[in-house]
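The values are calculated or read from the model by the stated rules, or taken from the named source; none is laboratory data. The structure displayed is predicted, hence computed values, not measured ones. In this analysis, Cβ positions are derived from the backbone assuming ideal geometry, glycine residues included, and neighbour counts consider all displayed protein chains.
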Amino acid sequence: MLCDAQVHIWGADTKERPWPSVHGTPHREEPYGAAEIITEMDRAGVERAVIVPPSWEGDRNDLAVDAVLTYPGRFAIMGRVDLFKEKTTNLDTWLKTPGMLGVRLTFHRPEMWPWLTDGSAEWLWRGAERVGLPVMMLAPGQSAAIASIAKRYPELQIVVDHLNLSTDPHAEDVGPTIDSLAPMVDCPNVAFKISALPCYTDESFPFPVLQGHIRRVIDTFGPERCMWGSDISRLTCDYIDWVSIFKPETGVLSAAEAELVGGATLRRVLNWD
């Protein structure tokens, strides 16, 4: 069962549904919806995908919930949460939202990095560990801080997005970023999302250099801690090509590894039966 660990969907910035006044740049100029992703999934033989609501829409999960209800069994959600609204965020009822499996946080800009160490997020780590909520996060350059969190909260399941690569593919070297993940080797509660890598290379399929990076990550952390994902809305290659790299016939992964990385690890880590 192939499962994509990350896709984004979003709507237009309108008066009825406005984006925050300060927001990031969408991957595409036009809104990108669940129907388009389902078409690509069916074409590539991908059965399930995790919707990660994008940061530029703000901390909202409404379109993701609509997609879960519209396409039963195909989507799940790692919902966005406002780190500074502890008093109005009830983690005890978080999983009652249809399709919700956990939370996702982004620390992708330097001004956000202090939140990992200044106590701003302690309530969330503590609460998520208590109620069993997995947390996906992206914090480029902050691998040591993530490792510290994982060691302080050993029952908190963390998933590092995109191997912790920055959001600027033109300023990132995949090899050194993989080196930076070393502090998390002995953190069994941290898993890694091997996603969006084609955005960081000029290679075309079958991505010989990326194959080496993938092999190295799996050899370092084990397939039971690695999951495939696309981030399809910014993918720079055909979706089928990126899916194919993680199939055993390509030769990068064994059949047992492909089963884990291609979906079994994700389903276990996120408790997605």
Which one of these is of a type in the set (D, E, K, R) and either surrounded by 21 or more Cβ atoms within 10 Å (Cβ to Cβ) or modelled with pLDDT under 95 (or both): Asp42, Asp13? Asp13
Going by the conditions given, is Pro18 assigned to a loop (DSSP other than H, G, I, E, B), of a type outside the set (Val, Ile, Thr) and either in contact (Cβ under 8 Å) with a residue 24 or more places away in the chain or within 21 Å of Cys199 (Cα to Cα) (or both)? no
Could you list, in sequence order, the residues of segment 178-198 that are in a helix (DSSP H, G or I), in contact with a Leu (Cβ under 7 Å, 6 or more places away or on another chain) and over 18 Å from Gly262 (Cα atoms)? Ile178
Find the residue count for segment 107-161, including only residues that are touching a Gly at 6+ places or on another chain (Cβ under 9 Å) and not in a loop (DSSP other than H, G, I, E, B). 7
Per the filter on segment 70-95, residues aromatic (Phe, Trp, Tyr), within 15 Å of Ala35 (Cα to Cα) and in contact with a Leu (Cβ under 7 Å, 6 or more places away or on another chain) are none
Check whether at least one residue in segment 64-80 is of a type in the set (S, T, N, Q) and in contact with a strand residue (DSSP E or B) (Cβ under 9 Å, 6 or more places away or on another chain), and report yes or no. no
So how many residues does segment 243-273 have that are hydrophobic (A, V, I, L, M, F, W, C), closer than 23 Å to Ala76 by Cα and not in a helix (DSSP H, G or I)? 3
Exactly one of (1) within 15 Å of His162 (Cβ to Cβ); (2) of a type in the set (Gly, Ala, Ser); (3) not in a helix (DSSP H, G or I) is unmet by Gly175. Its number? (3)
Any hit, segment 246-258, residues being of a type in the set (A, V, I, L, M, F, W, C), surrounded by fewer than 18 Cβ atoms within 10 Å (Cβ to Cβ), closer than 21 Å to Ala49 by Cβ and touching a residue at least 12 places away in the same chain (Cβ under 8 Å): no
Identify all residues within segment 161-180 that are buried (at least 17 other Cβ atoms within 10 Å of the Cβ) and more than 17 Å from Phe107 (Cα to Cα); write none if there are none. Val174, Ile178
For segment 192-205, indicate whether the set of residues that are polar (S, T, N, Q), surrounded by fewer than 17 Cβ atoms within 10 Å (Cβ to Cβ) and touching a Gly at 6+ places or on another chain (Cβ under 8 Å) is non-empty. no
